[in-house]
1. Which ³J(HN,Hα) values in Hz, rounded to whole numbers, follow from the phi angles of region 511-517 under the Karplus curve 6.51 cos²θ - 1.76 cosθ + 1.60, where θ = phi - 60° and Gly and Pro get x?
2. For MET388, what residues show an amide H to amide H distance below 5 Å, using hydrogens built from the backbone and excluding near sequence neighbours?
3. Can you give me the % of accessible surface on the chain that is carbon or sulfur? Probe 1.4 Å, all protein chains present, nothing else counted.
4. At a 1.4 Å probe radius, which order do LYS60, LYS258 fall into by accessible area, largest first?
5. Around ALA46, what is the net charge, scoring Lys/Arg as +1 and Asp/Glu as -1 over all other residues with Cβ under 11 Å from its Cβ?
6. To the nearest µm²/s, what D does Stokes-Einstein give for region 280-334 at 10 °C and 1.306 mPa s, using the Kirkwood radius over alpha carbon pairs as Rh?
7. How tilted is helix 395-414 with respect to the longest principal axis of the chain? Cα atoms for both, answer in degrees (0 to 90, nearest 10).
8. How high is the relative contact order of the chain, given as a whole-number percent (alpha carbon pairs under 8 Å, six or more residues apart)?
Amino acid sequence: MVKFLGKSVYKGIAIGPVHVLKKEEQKVKRNKTEDPEKEIEKVGQAVLQAQQQLQKLYDKALKEVGETSAAIFEVHQMMLEDEDYLDAIHNMIRTELVGAEYAVAVTGDNFSQMFAGMDDDYMRARAADVKDISNRLIQCLSGQDGSDFAFEEPSIIVADDLSPSETVQMDKEKILAFVTVHGSANSHTSILARMMNIPALIGVPLDLSQIRSGMKAVVDGMQGEVVFEPDEGVCEEAANKLAKEKEKLHLLQELKGKENVTLGGKHVHVYANIGGVGDVGYVLENDAGGIGLFRSEFLYLGREDFPTEEEQLQAYRQVLQTMGEKKVIIRTLDIGADKQVDYFHLGKEENPALGYRAIRICLKQPDIFKTQLRALFRATVYGNLSIMYPMITSTEEVARIFEIVEEVKTELAKAQIPFKDPEQGIMIETPAAVMIGDELAQMVDFFSIGTNDLTQYTLAIDRQNEKLDDFYNPHHKAILKMIQMVVDSAHKYGKWAGICGELGGDLELTEEFVKMGVDELSVSPSLILPLRKRIRELS
């Protein structure tokens, strides 16, 4: 029995035989040519052939994994038409008098290394796409068919890496899991795995020469591990986990597509909370009605400098396009308190939860705020975007926010950059905001209650302090009364009110929230279906 750890890109369980995918290495020799224009013509014919193949893969992916995941093959078709890429191939053929295959191979390597060396995770992941299209062109030029992706029984696919086209060519019904030595959580292969509900591990330090097809393995996406030739104990534990996963899958099939409506006809919007682009697969998988909280601060974490306007726009656009017409509520950055970022230079505070954080940073450092607002407003043209501002305590803060918003809109209009006017709301997570709810409701489009902070501020308990766990009571009558006050204030002025804190997923309180008139509950993706089940049982 041998165990390896990797990074999980889909948290599922799989037990079964291994199929090692050993790709046939393309050995391209440097051949001289006497007729460079003929070689360039061959490249053009190969591009047409490759585009036809990609169109077939697009059609197949569209049926199996949906439009969003299939879009990578449209991207590959466009990359094949990229002038810089093709010019580099043509130029190498003409100046060095080499054959088409060699020119494509070298250009593919050069462009791939260029992307791999970039700082942005998303752009680094595109290195694999360049390699993929270059390998496809070489196959077309040499008359190769590529790797054989056919295998007789359902298997755990083990490989050095997998391109999106390789993933889609496989028989989906026979894939139990993916395990790869390389790969990126931002790659389209990872996205496809999540869309296809297939457990997947990347970055597993395997020596593929030591792994053989047919040997048994267990892939545990929850623990991020794969065990080859597992003993009975490991198999039994995995079988129990798998049985529970199948129960959840059954629940998914039963409730997917159904409305979140009580037996008495009361409808509640059930949305999902996410921390980044990579979580959208879980949102769709669990059939959420939208995204009630996109924690945009995760774009700022784990970096050495601020994300640029373009980087933010790219992330927002990807989420919006993936969600289609469904609502996506993006919270402006909530840095501070337990989310510290060195390059913000916030300094040490005695009580960071009560200190310089969230909207306070944005209002004191408007340049940071305006960069994010520009990206958000530019993203409005790509989907159903709403913007939400955290940690509000006064009407003056909201008024100042909207002044800055108007400055941003004026700048965009002057630059003739298109945008729409999105719904704009605030988070209610301070007792102060609760008490002036009537005034705030007249200024904004919606309320979203952040019960985590509202509880700690109301009970005067630091929720990060383990010594106070016995005193921390999110079911406290004061909290529930405050939630009712917020809902009443919103409804008084025709606005909607939701809950995006942890309490929204507390099934013991679902009935009470419905009675209060809460319009929306936004929870972790895994809680969408259990919450839907609970709502549909209420009379």
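1. 4, 5, 5, 5, 5, 5, x
2. ILE330, ARG331, THR332, GLY425
3. That share works out to 48 percent.
4. Working: LYS60 70, LYS258 90 Å².
Correct descending sequence by accessible area is LYS258, LYS60.
5. Numbers: positive: LYS42, ARG136; negative: GLU39, GLU41, GLU101.
Net charge in that neighbourhood comes out at -1.
6. Working: Rh = 12.0 Å.
The diffusion coefficient I find is 132 µm²/s.
7. The helix 395-414 is inclined about 40 degrees to the chain.
8. Details: 953 pairs, mean separation 78.4, N = 539.
It rounds to 15 percent for the chain.
The values are calculated or read from the model by the stated rules, or taken from the named source; none is laboratory data. Bear in mind the structure is a predicted one, so any value in this text is a computation, not a measurement. Here Cβ is always computed from backbone atoms with ideal geometry, including for glycine, and neighbour counts include all displayed protein chains. These accessible areas exclude ligands, DNA and RNA; they are computed on the full protein's heavy atoms, side chains included. Shrake-Rupley method; radii C 1.70, N 1.55, O 1.52, S 1.80 Å.
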